[in-house]
Structure formats: structure tokens, C-alpha cells
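Structure first, commentary second.
The values are calculated or read from the model by the stated rules, or taken from the named source; none is laboratory data. The shown structure was predicted, so the numbers you read here are calculated from the model rather than taken from an experiment. A quick note on method: Cβ atoms are made from the backbone with ideal geometry, for glycine too, and the neighbour counts reach across all protein chains shown.
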Amino acid sequence: MLLRYAWRGFWRRRTRSALVVAGIALSIALLVAVLTITRSVEGAIASALSATGADMVVQKRSDVCPFRLVKLPRDLAAIDASVVDRLREHEGVAEATGVLELWAFAFVEPEGGDVQSQMNLPFTGEARASDAPDVSAPQSADQPPMMIGPDGEMKALAPTVVAGIDPAKKTIGPARMGPHEGAEDDGKCCAIVDGRYLTTSDRFHTMLAVDYARAKGLEVGDTIPLGPSHEFEVVGLVDLSGAARIAGAEAFIPLTVAQEMLGEGEVVDTIFLSLESRDAVEPVADYARELIGPETSITTETDVEAGTAALASVTRNTLVAISLFVLAFAGLLLVRSAMDSVAQRVDEIGLMKAIGWRNSDVARLFVAEGAYAALIGGLIGSALGAVAGWAYGQVASLQLPASLNYYPPCSTTEAPLLLSVSTGPSPGLLLLGVAIALVIGTLAGFAASRRAAALDPSEALRRA
Amino acid sequence: MDDEAYITVEGLSRTYHRPGSELDALVDVSFTVPRGQFVGIMGHSGAGKSTLLNIIGGLDRPSSGAVSVGGVDLAALDEEALAIYRRNSVGFVFQDAKLVPALTVFENVMLPLVPIPGSDEEKSAKVEAALEETNIGHRASHLPGELSGGEQQRAAVARAIVNDPELLLADEPTGELDRHNADRILELLVRLNREGRTVLVASHDEATIAVADRVLCLEEGRLTSERLVDTRSAAPEGE
């Protein structure tokens, strides 16, 4: 009954109650919005790694290697494949796989008639591919490089971003298959939109990213040249558009075939590691540096976050600090408002005591009124915060740093850099918002109740 | 009327300490009140009437002396016990009714029952009975601001008796009412007294005090005279 009485008192004093509720709601909305957005951005950033099933990516950087028709992307350097096995056996490593990411150039007929006018490579005649400059810095951003093909005719070169993967490692790597019941049995999974996954017996077979296949007009069963001398049969189409991923590719081929195409032996250029715990990050990274050398490049979730443009100028901690400051300010206002309420209701408090309310009864009344304001403010604020977070997700365009992917500027498809920011309401955050509001409102009510309880009843009645 | 003392006031003094001054509100006041008596406390403003009622009602504590009500020494009660005493044994009626403006008449009368354990039905029945007794039931759903002064005071009396206390303390209960409404309130207090309650009414108004069985006169905190009235010869019309 005391709660009902408190509710009626709260409801009948609409103006005061509305102001208190609005104060709580706005501060909670700000906090929930900030936490929703930062959580979503962190989730999106983490998904770039989690999409590969890895906690850490190990690479080796070097000077940009010279142009070849099949070459390592940009500044990536080859790592001996044995390093993958040694890392896999290291304490704290749950799984490891090596990927050989390549740029494979194939000759295509140039568009337009005048071949010479389209030449943008500084050589003619019997040029060898290895003499050509690196195409990662193309002479023209919107034109493919050109060179004389095997038939002696000037042809354009079209790059395909190829990843050589171990078909036996479906759960880690850039073409990771997500958890799927029966995936090991039927070779199909949620990421395969047509055809099948590569098998260990495949050779010149490829899975294509579905947007790449669409751009090229390819379907399962078609063939595609990857590099200057090999045709690959398309056996599957993979949808990798769900999330940005590190070391994404347009075509996936067996690792052994990729190594043959590169011609540098059993090497990889990107190693994906899943770790047993976060504590393993540093020791495993140290071991990788020990094995690979000073040019080792380690990428973890922290590195991705640091390199991501999201929240570049205002970090999560800053935003949360601002929210907490606003919350604290709102809390102080609430306490002040509750104190004012006591001052304005001295006669009522005196009356309550005169008719037999104990100090604890009066205190409970004020705490309950504060809790009502807090509960309503918390619910409204949490809802507003969730809507604000959702709205941010609709307009946010967050991308991975381009340095974490290896697409040439003239690639057929864009690098999978766009982070998928999902800002759906989190029940945990909504509850947190309400809980914080309740704590603040109840504390304000408690402060007021202490003052109310301390009032001498005869003095209170006299003052009224 | 039971001649045995229900209220015993002995050597009661109350001094208010203010910065730079002291005010003796009550000085060595002693009297007894038998159960069921209607006592009028007469005196000018500042004579100590309200202070006396507050101390007997457990709202204030004496500087010296002793007060016992129903055999209970109020000085021996702590804050919690005093609150329980006020809840169970005392009903207050104030000059300005002191109804909570945000609550309906029904809710105002319910107020003393709010912190008490019990079913809603039981409490509602008590409220309805109190409203019925004070003839204000037809205004139960109204806010105090919608009531006349007399109706507000009747609602305040209903609130005072909803817990069925033995002792009713009324401080200038007719102070803000016209004669007609004042008489109706006095009728009500007399009726409640006749039902067995002990009633103490403080007023500076002779007409109000006239309904009492006995009148105590206070001047500057001292009990200066005491007189018995002849069986409420001056009872208001309608009695």
C-alpha cells in the first residue's frame, strides 16, 4: 500500500515528476547510446578477425616485390610453411593455418582499339613480366597495366586477388566456413551460396567470391584464368559479403597450387591463429617474431581497433567518461530535486509523523518515489538510447584500414573492408540502463528520505 | 466517565532554545484527565496550548516533568515507540486540516493506515466507516481543493479517527471556519467524545471551549485556572 501511495503521490505531482523523469531519461539515453554504439563498433571490428575464426594474424613485411604475373601482394613477404606447423604446436595456440595470398594477373583483350595508346608500361617487345614495375602503384588508377602476351600481341593484364588455402582447414582463414551442422559431411555451409567447398583432392579448382563471380559473369562449372597459364574450374561460390575480413580474396584455390604458381616453394604469406586465451597473445606473438624475424607483423583485435577510423577522434573511454559525467550531474540534480521536494513537503512529512508514520515509513516513501522516477526514466532513457544507437548504425560507414587487405587499386571487386555495424538493442545494456537509473534514483530518494526522517514532527508542523 | 486518570501531566515544562534567547512555552503544568472527558484548553495565542497538545500527543518532548497517557510514560518511549503510540492511541485535528492536496479525501483518510500491515479491503472498510461517521463520504473521491473549509475539517476528523484512537487532540479545530461549520465540527467532536474517546480541544474561542466538560486556562505557559462546565450547557445547536 505504501508503494501505491508513493505512486499516487508521484503521479499527481506531474510537473515535478516529469522533470525528474526527463533528467534521468536523457542521461540514461546518452549512456545507453554510447555503450550501444561502442559495443557495436567493437563487435564489428572484432568480426573482421572473428570472420576468419582467428585471434591473431601473422605476416611478414618487406619491400614491395617486383612485378610478376603471379606475385605476392604489395609488401607481403613469403614465410616458410613450416612456421605454421611450429606455431600450431606452440602452447596457447588452438589452431593455425597458412594462407598464400597472391595477385594473379591474366591477359585480357583490351577495350577500345588502339593498343599502343593504352600502353602504360614503360617497355615494349619481348618484355618479361618480371621486368615490369609493380602494379600496386598503377600508372592509371582506372586502367589495367598492359604487356605483350604469349601470342605477341599487346594485351591488358587483369589482376585477381587469389588466396591459396588449405581445404582441410574450413574453420579458420579468409574463407572460413561458419559452424554448420553436417558441414564436414556434405562440404556445404552457410558461406557457400552455390557449388561446394574445395576438397583436398582439388587442383585447378576454385571457389569465387560471389560478387567477383557476378562481376565476371561466372557460374559454377565455368572456367577462369588465374595467372598467365592456368585455367581453374569454378566449383563453388562463396558469400563473404557479411563482414569485413582480413586477407579477403576474390578467388580461393588449393594452397599447394598457389605455391606452385608463385614458384617459391612451400611458403605462405599470412598465418591465421586461433588462441586458447587472451593471455596467449603476447607469448605467441613473441614466438612468431622469433621464428620469422624483425619484419614480423602481428595483427590482433586491438591492432584492428587502433587502425580503424571508427571513433577516431573520440575514443570509447572518452565517450563513456562524458556519459558518466552527465549521469553524475543528473544524479546530483536528482538529489537536489529530492531535497527540494522534502523542503516543499515539510507539512506533509510533519503530518505523516503526527498520524503515526515511523521515520522508516517516511524514508521508504521517498525512496519509493525516487525509484518510480528512476524506473520510468530508466525505461524511457534505455529505449531512447537504443533508438539512437540503432540510428547511428543506419548511417555509420566504418571500414577496416586498407592496410589490412591486399587488393590492388585496379581489382575487379572492392576489398571487403566495410564493417557490418549491427546496433540492435542489447537486453543487457537496456537492463544496465534501467539498473543504473534505479540506483541513482533510489540514492536520490534515500538522501531525501534521510532529511525527511530527520525532521522533528512538531517543528515541521509549526513551520508549515 | 471513568474517574481514574487517563492522562497525567505532572510538573510539565517546555523551554524552546533559540539563538540568544529562551522561550518558556510551558511552566510547571500539572493536571489529570479521566478517560472519556472532553477537556477544553483555553488561552491566547502563544499561551502554550499547542505545545501542551503536542507533548500529550507524543509529537514533542518536555524539558522537564512527566506525561503519561493510559498508564504509559511517554518519556520512556523512543522515537519508534512514540510513532506507534501516535498511530494507535492518538488522533490529531489541526486548525488548517492539513490534507495532502495531491490525494483525494479517501486517500487522505487512508493515510494513517498506509504503513500498517493489513488487507486493502479491511483498510478501505475503516476509511469508509470514518467517512460515514463524519458525514463526508459523498466527497470521498474529491481532492481537498474542491472541498469547503468545513468539509476539509470533517475529512481531517475522519483521518484522525480512522485508527479508532482513544484520544483525540484538536488544536484550534474551528479556527478557520464560520460559526455554522464550526458548530458542525464541534457536534462531531462531542459525538466522538460520547462514544468513549477522550477529547482535548485547544482554542482561544470561548464558544468552542463551551462544549467541554472541563476547561483548563493557560496564560504564558502556566495553568492559571480550571473549571468544570455544567454538563455541556453550552452545547451547540443540534446536540
Hey, can you tell me all the residues within region A:165-201 that are at pLDDT below 65 and among the basic types (Lys, Arg)? A:Lys188
For region A:355-372, give me the residue count where each residue is part of a helix (DSSP H, G or I) and either within 21 Å of B:Phe94 (Cα to Cα) or not aromatic (Phe, Trp, Tyr) (or both). 12
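Those residues that are away from chain B (no Cβ under 14 Å) and either of a type in the set (Val, Ile, Thr) or buried (at least 16 other Cβ atoms within 10 Å of the Cβ) (or both), I need them from region A:1-21; list them, please.
Taking region A:1-21 and keeping what is away from chain B (no Cβ under 14 Å), we get A:18-21.
Of everything in region A:1-21, those that are away from chain B (no Cβ under 14 Å) and either of a type in the set (Val, Ile, Thr) or buried (at least 16 other Cβ atoms within 10 Å of the Cβ) (or both) turn out to be A:Val20, A:Val21.
For every residue, the table says whether it meets (1) away from every other protein chain (no Cβ under 14 Å); (2) modelled with pLDDT of 80 or more.
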{"position": "A:Pro416", "(1), (2)": "yes, no"}
{"position": "A:Leu419", "(1), (2)": "yes, no"}
{"position": "A:Gly428", "(1), (2)": "yes, yes"}
{"position": "A:Leu432", "(1), (2)": "yes, yes"}
{"position": "A:Ala435", "(1), (2)": "yes, yes"}
{"position": "A:Ser458", "(1), (2)": "no, yes"}
{"position": "A:Ala464", "(1), (2)": "no, no"}
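Among the listed residues A:Val64, A:Val41, identify the single one that is under 30 Å from A:Thr97 (Cβ atoms), surrounded by 20 or more Cβ atoms within 10 Å (Cβ to Cβ) and either within 14 Å of chain B (Cβ to nearest Cβ) or out of contact with any Phe, Trp or Tyr (no Cβ under 7 Å at 6 or more places or on another chain) (or both). Talk me through it step by step, then tell me what you get.
On the way: A:Val64 fails: surrounded by 20 or more Cβ atoms within 10 Å (Cβ to Cβ).
Checking each option against the conditions leaves just A:Val41.
Scanning region B:2-42 for residues that are among the hydrophobic types (A, V, I, L, M, F, W, C) and within 14 Å of chain A (Cβ to nearest Cβ), which turns out surrounded by the fewest Cβ atoms within 10 Å (Cβ to Cβ)?
Residues of region B:2-42 among the hydrophobic types (A, V, I, L, M, F, W, C): B:5, B:7, B:9, B:12, B:23, B:25-27, B:29, B:31, B:33, B:38-39, B:41-42.
Checking which are within 14 Å of chain A (Cβ to nearest Cβ) leaves us with B:23, B:25-26.
On the way: B:Leu23: 13, B:Ala25: 23, B:Leu26: 27.
Result: B:Leu23.
Condition check: of a type in the set (Gly, Ala, Ser), under 30 Å from A:Ser341 (Cα atoms) and modelled with pLDDT of 85 or more. Does A:Ala29 satisfy that?
On the way: of a type in the set (Gly, Ala, Ser): yes; under 30 Å from A:Ser341 (Cα atoms): yes; modelled with pLDDT of 85 or more: yes.
Judged against the criteria, A:Ala29 is a match.
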For A:Gly389, which of the numbered conditions (1) in contact (Cβ under 8 Å) with a residue 60 or more places away in the chain; (2) surrounded by fewer than 22 Cβ atoms within 10 Å (Cβ to Cβ) fails to hold? (2)
All-but-one check, B:Ala97 against (1) within 21 Å of the chain's Cα centre (by Cα); (2) modelled with pLDDT of 90 or more; (3) among the hydrophobic types (A, V, I, L, M, F, W, C), failing number (2)
When you go through (1) assigned to a loop (DSSP other than H, G, I, E, B); (2) at pLDDT 85 or above one by one for A:Ser411, which number turns out not to apply? (2)
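Looking only at region A:340-378, how many residues end up being acidic (Asp, Glu), at the interface with chain B (Cβ under 7 Å from one of its Cβ atoms) and over 14 Å from A:Leu461 (Cβ atoms)? Step through it out loud before you land on a result.
Initial filter on region A:340-378 (acidic (Asp, Glu)): A:340, A:347-348, A:361, A:369.
Still in the running and at the interface with chain B (Cβ under 7 Å from one of its Cβ atoms): A:347-348, A:361.
From the residues that got through so far, the ones that are over 14 Å from A:Leu461 (Cβ atoms) too are A:361.
Qualifying residue count for the region: 1.
Please list, ordered by residue number, the helices (runs of 4 or more DSSP H) wholly in region B:43-138 having 3 or more residues that are within 20 Å of B:Ile161 (Cα to Cα), within 13 Å of chain A (Cβ to nearest Cβ) and out of contact with any strand residue (DSSP E or B) (no Cβ under 9 Å at 6 or more places or on another chain). Don't jump to the end; show me each part of the working.
On the way: elements: B:49-56, B:79-89, B:105-110, B:120-133.
In region B:43-138, B:79-89, B:105-110, B:120-133 are the helices (runs of 4 or more DSSP H) which contain 3 or more residues that are within 20 Å of B:Ile161 (Cα to Cα), within 13 Å of chain A (Cβ to nearest Cβ) and out of contact with any strand residue (DSSP E or B) (no Cβ under 9 Å at 6 or more places or on another chain).
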Can you name every residue in region B:128-149 that is surrounded by 20 or more Cβ atoms within 10 Å (Cβ to Cβ) and either touching a Leu at 6+ places or on another chain (Cβ under 7 Å) or without any contact (Cβ under 8 Å) to a residue 24 or more places away in the chain (or both)? B:Thr134, B:Arg139, B:Pro144
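Going by the conditions given, is B:Ala76 out of contact with any helix residue (DSSP H, G or I) (no Cβ under 9 Å at 6 or more places or on another chain), within 30 Å of B:Val27 (Cα to Cα) and free of Cβ contacts under 8 Å to residues at least 12 places away in the same chain?
Numbers: out of contact with any helix residue (DSSP H, G or I) (no Cβ under 9 Å at 6 or more places or on another chain): yes; within 30 Å of B:Val27 (Cα to Cα): yes; free of Cβ contacts under 8 Å to residues at least 12 places away in the same chain: yes.
In short, yes.
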Please work out if A:Ile440 is more than 16 Å from A:Ile24 (Cβ to Cβ), at pLDDT 85 or above and in a helix (DSSP H, G or I). no
Selection from region A:265-287 of residues part of a helix (DSSP H, G or I) and among the acidic types (Asp, Glu) yields A:Asp279, A:Glu282, A:Asp286
With A:Leu255, A:Leu226 as the choices, which residue is among the aliphatic types (A, V, I, L, M), touching a strand residue (DSSP E or B) at 6+ places or on another chain (Cβ under 8 Å) and at pLDDT 90 or above? A:Leu255
Does A:Gly381 satisfy the criteria of being assigned to a helix (DSSP H, G or I), surrounded by 20 or more Cβ atoms within 10 Å (Cβ to Cβ) and more than 14 Å from every other protein chain (Cβ to nearest Cβ)? yes
